[in-house]
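The values are calculated or read from the model by the stated rules, or taken from the named source; none is laboratory data. Everything numeric here is computed off the predicted structure, so don't read it as measured data. FYI the Cβ positions are ideal-geometry reconstructions off the backbone, even for glycines, and counts take in every protein chain you see. Just so you know, the surface numbers come from the protein's heavy atoms only, side chains and all, with ligands and any DNA or RNA stripped out. Shrake-Rupley method; radii C 1.70, N 1.55, O 1.52, S 1.80 Å.
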Amino acid sequence: MERGKQSMTDHYDVVVVGGGIHGVGVAQAAACYGYSVLLLEQTALAAGTSSRSSKLIHGGLRYLEGYDFGLVHESLSERAILLRIAPDLVHLQPFHIPVYPETSRRPPAIRAGLILYALLGGLHHTSRFRKLGQADWDGLDGLETDRLQAVYQYTDAQTNDADLTRAVMQSAIDLGAHLSCPAEFLAASIEKQVVAIHFRENTAEKSCTAAVLVNAGGPWVNTIADRISPKPAGIDVDLIQGTHLVLEGALTAGCYYMEAPQDQRAIFLLPWGKHSMLGTTEHVYRGDPAQVSALAEEESYLLEAMGRYFPAHPQQVVDRFAGLRVLPASGSRAFKRSRETHLSIDAPTRPRAVAIYGGKLTGYRATAEKVVKILHRTLPDRKVLAKTAELPLRPV
Ligand SMILES: Cc1cc2nc3c(=O)[nH]c(=O)nc-3n(C[C@H](O)[C@H](O)[C@H](O)COP(=O)(O)OP(=O)(O)OC[C@H]3O[C@@H](n4cnc5c(N)ncnc54)[C@H](O)[C@@H]3O)c2cc1C
C-alpha cells in the first residue's frame, strides 16, 4: 500500500528505512525542507519500540544523576514544543516521588534534582514542584502511607507513542512524503551518483534510487547497515529489553516515580485509560528484535514492587509488552548508560548513508532536525515548506 501523493519517478532525495518515531520524524523534517521522501516500513507504523515505550514526553529527571544536562535541557525544550503543537496527543501529568526510610534518593537530593530540572526547563510554570502535605496523601491512589516520610510532586507529560508516530507520518504525507508499508528494505548499494535501493513491497520486489539513505531501524539498525554496500561504519550496540505491564484499576492522581525495592532502579506507575501501566525493567536481549516479549521474571519483579507501594491495587495483568533500547555496547549497567542519540555518517563531507542509534521518543523532532542538517551537505537547497516546531500534529 502506498499513501501520499504519487510520483512518476522512482528517485527520491531521501529514502528512510523504519517507520518508528525517528523514521517518521526524519520523513517529516525532510519534507518540510522541500525534499522528496520515501519511507519504507516492513510491518506497520510504530510496530517496533515506538509502541512499547513508557510513553513519557519528559526531560528525564533521572538522567541528571548521570550529569546528562544537555540531554535533559533539550528534552524539556522538546516537551514544551510538543505540548504546544500536539495538545491532543501530549498532555501534562502530575508525577509523585514517594520517600520511605529505605529510599536511596533522599529529600535533599530529590529537591536539588527538581530545582535543577526546573532550571533546565526554563522555570516555566510546568517546572513547579512541591512537597505534598500529609493531608494530601490519602488522595494518592492507595499509595502505602505506613512509614511514608514525604511525597514530592512535579510535572511531566504523557502521550500515546504509536498515535504520535502516526500523526507525525500523516504530517509528512501532507507535505508530500510517500509511505510504503508493508515494505521491507532488502539492500542498498552506494554508487557514484545515487544510492540504489531494493525493497519488497507486499510480495513484489521493487527498486528506487535516492541521494541519501537514512537508517532509522531502531533495534534493527545494524541489520539494516549490514545490507548496505559498502557497509557504513556503525556503532556496536546492546539491545536492552524493557517490559511494561498493563494492570486492572485506574489511577486518578497522576503518575508515580518509585524505586524498585529489589535494586533501587527507577520504575513508573502511570495512568492508562481505565487501567494503569507499570514499568520498566532492563535486561540485555540477544535474540531477534521482532520476537521480544515480556519475561515471567520481569513480571514478578514489577508486581513485587507494585505490592510494596500500592498493596491494595489489583495485580491482575491485562496486557504486557516489551521493547528494546538501543544503547552503545558497554560493560556498565544499562540503567547508568547515557540515553544520548548517536548519528553515524558514512562520509562527513558528502553523506550518503546516515544511521540513527538510540534516542528518545521525546527528542525525535530535534534528532530529525539534526539528521536533515547532515543531509543538507549532500542535497541542494529546496523551497522550505514548513517548520517542524510549528506544524500542528493531530491524532490520525
Ligand atoms: C522500554 C522502553 C521505554 C521507553 N520509554 C521512553 C519514554 O517514556 N520516553 C521517551 O522519550 N523515550 C522512551 N523510550 C525510547 C523510545 O521509545 C525510542 O527511542 C524510540 O521509540 C525509538 O524509535 P525508533 O524509530 O528509533 O525505533 P523503532 O520504533 O523500533 O522503529 C524502527 C522501525 O524500523 C522497522 N524496520 C526494521 N527493519 C526494517 C527493514 N528491513 N525494512 C523496513 N523497515 C524496517 C521496524 O519495523 C520498526 O518499525 C523507551 C524505550 C524503551 C525500550
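Among the residues making up the stretch 164-220, those that are part of a helix (DSSP H, G or I) and of a type in the set (Gly, Ala, Ser) are Ala167, Ser171, Ala172, Gly218.
When Tyr285, Tyr357 are checked against the criterion of being of a type outside the set (Val, Ile, Thr), within 14 Å of the ligand (Cβ to nearest atom) and out of contact with any Leu (no Cβ under 7 Å at 6 or more places or on another chain), a single residue qualifies: Tyr357.
Matching residues to (1) open to solvent by less than 40 Å² (accessible area, probe 1.4 Å); (2) within 16 Å of Arg79 (Cα to Cα); (3) assigned to a helix (DSSP H, G or I):
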site: Ala112; (1), (2), (3): no, no, yes
site: Gly122; (1), (2), (3): no, yes, no
site: Trp137; (1), (2), (3): yes, no, yes
site: Asp141; (1), (2), (3): yes, no, no
site: Arg147; (1), (2), (3): no, no, no
site: Tyr154; (1), (2), (3): yes, yes, no
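Taking the stretch 45-67 as the search range and keeping residues that are more than 7 Å from the ligand (Cβ to nearest atom) and hydroxyl-bearing (Ser, Thr, Tyr), which one is modelled with the lowest pLDDT? This residue is Tyr67.
The lone criterion from (1) away from the ligand (no atom under 11 Å from the Cβ); (2) surrounded by fewer than 19 Cβ atoms within 10 Å (Cβ to Cβ) left unmet by Ile97 is number (2). For first residues located in the stretch 348-362 and assigned to a loop (DSSP other than H, G, I, E, B), partners that are open to solvent by less than 10 Å² (accessible area, probe 1.4 Å) and within 6 Å of the ligand (Cβ to nearest atom) and lie 6+ apart or on another chain with Cβ distances below 7 Å form the pairs Leu361/Ile21. Scanning the stretch 332-340 turns up at least one residue that is more than 13 Å from the chain's Cα centre (by Cα), modelled with pLDDT under 95 and open to solvent by 60 Å² or more (accessible area, probe 1.4 Å).
Taking the options Leu179, Leu120, Leu164, Leu114, name whichever one is in contact with a helix residue (DSSP H, G or I) (Cβ under 8 Å, 6 or more places away or on another chain) and more than 16 Å from the ligand (Cβ to nearest atom). Quick ask: steps written out before the conclusion?
Working: Leu179 fails: more than 16 Å from the ligand (Cβ to nearest atom); Leu120 fails: more than 16 Å from the ligand (Cβ to nearest atom); Leu164 fails: more than 16 Å from the ligand (Cβ to nearest atom).
Checking each option against the conditions leaves just Leu114.
Whether any residue in the stretch 298-319 is exposed (fewer than 13 other Cβ atoms within 10 Å of the Cβ), part of a helix (DSSP H, G or I) and free of Cβ contacts under 8 Å to residues at least 40 places away in the same chain is what I want to check. The answer is yes, given that some residue of the stretch 298-319 is exposed (fewer than 13 other Cβ atoms within 10 Å of the Cβ), part of a helix (DSSP H, G or I) and free of Cβ contacts under 8 Å to residues at least 40 places away in the same chain.
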